[in-house]
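To start, the structure itself, in C-alpha cells.
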Amino acid sequence: MDVRRRPVKPLYPSEHISSGEPLKPHNQDSSVKASDALPLPLYLTNGLFFTMFFSVMYFLLHRWREKIRNGIPLHVLNFSELVAMVSLIASIIYLLGFFGIGFVQSFVSKGNNDSWDVEDESPEQFIDRTVTPPPVRRNIPMKSVPIAEKTAQIITPFLSEDDEVVIKSVVEGRIPSYSLESKLGDCKRAAFIRKEALQRSSGKSLEGLPLDGFDYESILGQCCEMPIGYIQIPVGIAGPLLLNGKEFSVPMATTEGCLVASTNRGCKAIYVSGGATSVLFRDAMTRAPVVRFGSAKRAAELKFFVEDPMNFETLSVVFNKSSRFARLQNIQCAIAGKNLYMRFSCSTGDAMGMNMVSKGVQNVLDYLQNEYPDMDIIGISGNYCSDKKPAAVNWIEGRGKSVVCEAIIKEDVVKKVLKTEVATLVELNMLKNLTGSAMAGALGGFNAHASNIVSAVYLATGQDPAQNIESSHCITMMEAVNDGKDLHISVTMPSIEVGTVGGGTQLASQSACLNLLGVKGANREAPGSNARLLATIVAGSVLAGELSLMSAISAGQLVKSHMKYNRSCKDVTK
C-alpha cells in the first residue's frame, strides 16, 4: 500500500463537542500517535528519561557542591559535566513534551507533511465546522473568523442539541444576540449561549470569565444588557471607622494593593483620637435641560418666569407629581444667546435620583410648552447639570450630597501610628494639595487621592462608578491646633452622589455591603436618611485615606509600602 496516497482527516475536538457527540478515537491506520515517533514503547521511554533526569541532576548538584568548596568557577566544565548538561536539557525537553502530547505530535505532523499527498483531498475536511460565515446583517455584532486568526484555545463544554441549534443561529445571524433573554425565557442560559457564540464568532477564548454563581434575573432590564458573565473584584474591609459616635466597617472593592491597608491605618488613627465628625449640609440632585427660542429676549423672559418666587409653587407641584419622594428645591438658569439652560435641583429620598429628577423635569417642560409654545426643547440634559463630568458648577453649587468631615488627631497618634510630625503634614498639605493642585489648574482636585476611596466604596455598594468623577471633588485641609501639638484635618466634598435603592444596590453582593453599613434599602421612617448616612460614611472614609496617604508621603513610606503590597517581590533583573 502506498503511504503517500493515504488520506488523513484531522480531528477537531470542537466539532464533536459542539454537536453533542462523544469523541470517537481514530484507528491506528488513520491517525498518527505521539508514540510512533519514539524508538521504544512509551512506558520504557518515560522510565528512561525520568531516570536520566534525576541521575543527571544528582550528579551535577554533587559536582557543583565540590566546585563551590574548592573555589572552582561553575561555568568551567569538563567532558562528563558537559555530557550531563546535554542529557539534562534533553530529558527536560522530552518530559515537557510528553506532558503535552500535542507538542510531540506537532513535530511528527510537521515532519510527515512532505510524505503525504494532500493535494488530491477535498479542502472541506480541513474546515472547522463550528465556524459558519454569516450573512450581512446590521443588527448582528458577531462575525466568523478564519481558523488562522484564532489566537487562543476555546474550551467548549458539552452542549445539548437545543443549545447547539441556538448558538449556531446566533453565530449565523438568524437570532439577534440581544433578544436571547426574551426568546429563551432563561437569563442564565441566554448568557451562556451568548458567551459561547461570542467565542466561536471571535475566535477568542473567554475561559477565565466566570458565568456560574450570579443571578442574571436580577439585572434584566436594570443593570446590564447582553451579559456574558461577571467580573470578580476583591472586597476588603477598612475600620472600624468611628464617625459621629458610631462604628462602621467600610467595604472597599479594589484591585489596587495598599489602598485598603492605608485607609485602615487612617481609620485607626481617627479611632484612637476620639473619632471624626461629619455634617451633611446640602442634599439635591440636579438635571438641566436646554431649550431654544427665536430670540434671546424670549429666552430671558422664560428665565425671569422660572426664577420668579411667585411661580415656584406652581412649578414645584408639577414637578413633584413625578414621585412620592421627589421635591423640587430650586431652579437656576443660565442664558447663552437664544438658548436657556435650567438647572433643576430636588431631593430624591434614598435613591441617587437621576431618573426621578428627569421625570420631574419632563413634567415641567410639558407644562412650560403650553405657556411658551415657541419653546424648542433641544434636550432633557444640556450638561449644565453636570453629570459624570468635572464641572465648576458642581464644585461651587454642589450636586447630590454635600458633606464636610473633620477630626483632630492627637500628637502621639501622629507620631506612633502615622510615623510623622504634625508640622510636616501641614506643610505637605499646603504645598501638595493646595498649591500643587492650583499650579496644575485642578478642578475640585485639591486632595491626595479622594477618588481612590470613592471608587472602591462605590463599587462595593452598587453606586454608579462613572459618578466618581464629580463625587471625588474634595478639598483637604490640615492645621496645627492646641498650641501646634495636634492636627486638625477636614475634607469638604460638595458632590457625593449615592443612593441605597435602585441600580446596582439591589444586587446580592452590593446589597450585603450596604447591609454591613446599616444603610440597605429605603428608610421608611425617615426617607432619605440611609442615603445621607452613606454619603457621610464615604466622606469619613476619604478622610481616613487622605490622612494615611499624606502621612506615608511625608514619612517617605509611599514607595516602600507599594513595593510590599502592590508589586511582585521577584527580582526581575535575574
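The values are calculated or read from the model by the stated rules, or taken from the named source; none is laboratory data. All figures in this text were calculated on a predicted structure; none of them were measured in a lab. Neighbour counts are summed over all protein chains in view; Cβ atoms, including those assigned to glycine, are modelled from backbone coordinates with ideal geometry. SASA here: full protein model, heavy atoms, side chains in, ligands and nucleic acids out. Shrake-Rupley method; radii C 1.70, N 1.55, O 1.52, S 1.80 Å.
Under the rule a/c < 1.5 gives rounded, and otherwise a/b versus b/c splits prolate from oblate, where does segment 321-428 land using the Cα gyration tensor?
Prolate, because a/c is 1.5 or more and a/b exceeds b/c.
Enter the Cα centre distance for the pair segment 401-449 and segment 301-349, rounded to the nearest angstrom.
Using only Cα atoms, the two centres lie 38 Å from each other.
For Tyr178 and Phe54, FRET efficiency with R0 = 51 Å and r from the beta-carbon atoms, rounded to 0.05? Display every interim value, and only then the final one.
Numbers: r = 58 Å, r/R0 = 1.14.
Result of the calculation: an efficiency of 0.30.
Per residue of segment 397-404, in order, report the coupling 6.51 cos²θ - 1.76 cosθ + 1.60 (Karplus, θ = phi - 60°) as ³J(HN,Hα) in whole Hz, putting x for Gly and Pro.
In residue order, the calculated couplings are 8, x, 7, x, 9, 9, 9, 10 Hz.
How much accessible area does Asp376 have with a 1.4 Å probe, in Å² rounded to the nearest 10?
70
Once the convex hull of the alpha carbons of segment 427-469 is built, what does its volume come to per residue, in cubic angstrom?
58
What ranking, highest mean first, results for peptides 248-257, 50-59 when packing means the other Cβ atoms within 10 Å averaged over each residue?
248-257, 50-59
Gain in length, Ser169 to Asn70, computed as 0.36 nm per residue apart minus the alpha-carbon separation, to one decimal in nm?
28.3 nm
Along the Cα→Cβ direction, 7 angstrom out, place labels at Leu61 and Phe281. What is the inter-label distance in nm?
In this crude spin-label approximation the distance works out to 7.0 nm.
Quick one: which residues, 5+ away or cross-chain, put their amide H under 5 Å from the amide H of Ala238? H built at 1.01 Å from N.
Those qualifying (amide H under 5 Å, at least 5 residues apart or on another chain) are Val250, Met252.
Obtain the nm distance between the two label points defined at Leu211 and Phe305 by a simple spin-label model: each point lies 7 Å from its Cα along the Cα-to-C-beta direction.
Each label point lies 7 Å from its Cα, and together they span 5.7 nm.
Test of understanding: what is the full-extension gain from Phe79 to Ala440, defined as 0.36 nm times their sequence separation minus their Cα-Cα distance?
Gain on extension, Phe79 to Ala440, equals 123.3 nm.
For a test of the definition: using alpha carbon positions, the gyration tensor, and the 1.5 limit on a/c, classify segment 466-526 as rounded, prolate or oblate.
Taking the square roots of the gyration eigenvalues as a ≥ b ≥ c, segment 466-526 is prolate.
Residues in segment 212-241 near a label at Asn355, defined as backbone nitrogen under 20 Å from the 7 Å Cα→Cβ point?
Of the residues in segment 212-241, 215-227 have backbone N under 20 Å from the label point off Asn355.
Given segment 188-310, what whole percent of its Cα pairs are spread farther than 23 Å?
Within segment 188-310, distances greater than 23 Å cover 67 percent of Cα pairs.
Work out from phi, with θ = phi - 60° and the Karplus expression 6.51 cos²θ - 1.76 cosθ + 1.60, the ³J(HN,Hα) of each residue of segment 481-487, listed in order in whole Hz, and give x for Gly and Pro.
10, 6, 6, x, 7, 9, 10
Once amide H atoms are built 1.01 Å from N in the peptide plane, which residues 5 or more positions from Gly400, or in another chain, come under 5 Å H to H?
Ala284, Met285, Thr286
Using packing as a proxy for protection, rank 545-554, 270-279, 529-538 so that the peptide with the highest average count of other Cβ atoms within 10 Å comes first.
By packing density, highest mean first, the sequence is 545-554, 529-538, 270-279.
Could you order peptides 291-299, 163-171, 334-342 by the average number of other Cβ atoms within 10 Å of their residues, highest first?
163-171, 334-342, 291-299
Once amide H atoms are placed 1.01 Å from N in the peptide plane, what residues at a sequence separation of 5 or more from Gly499, or on another chain, have their amide H within under 5 Å of its amide H?
The list, which skips near neighbours in sequence, is Met352.
If r is the Cβ-Cβ distance from Glu247 to Tyr367 and R0 is 60 Å, what FRET efficiency results, to the nearest 0.05?
According to the calculation, E is roughly 0.80.
Could you derive backbone 3J(HN,Hα) for segment 457-464 from the dihedral phi with the Karplus parameters 6.51, -1.76 and 1.60 (θ = phi - 60°), listing whole Hz in sequence and x where the residue is Gly or Pro?
Couplings: 5, 4, 5, 6, 9, x, 7, 6 Hz.
Over the alpha carbons of segment 377-534, what is the largest minus smallest coordinate on each principal axis, giving the biggest first in Å?
Here the Cα extents, ordered largest to smallest, are 53, 40, 25 Å.
Using a 7 Å offset from the Cα along the Cα-to-Cβ direction at both Ala526 and Lys321, what is the distance between the two label points in nm, to one decimal?
Distance between label points: 3.3 nm.
With r defined as the distance between the Cβ atoms of Leu431 and Ile237 and R0 fixed at 30 Å, what FRET efficiency is calculated, to the nearest 0.05?
Computed FRET efficiency for Leu431 and Ile237 comes out at 0.35.
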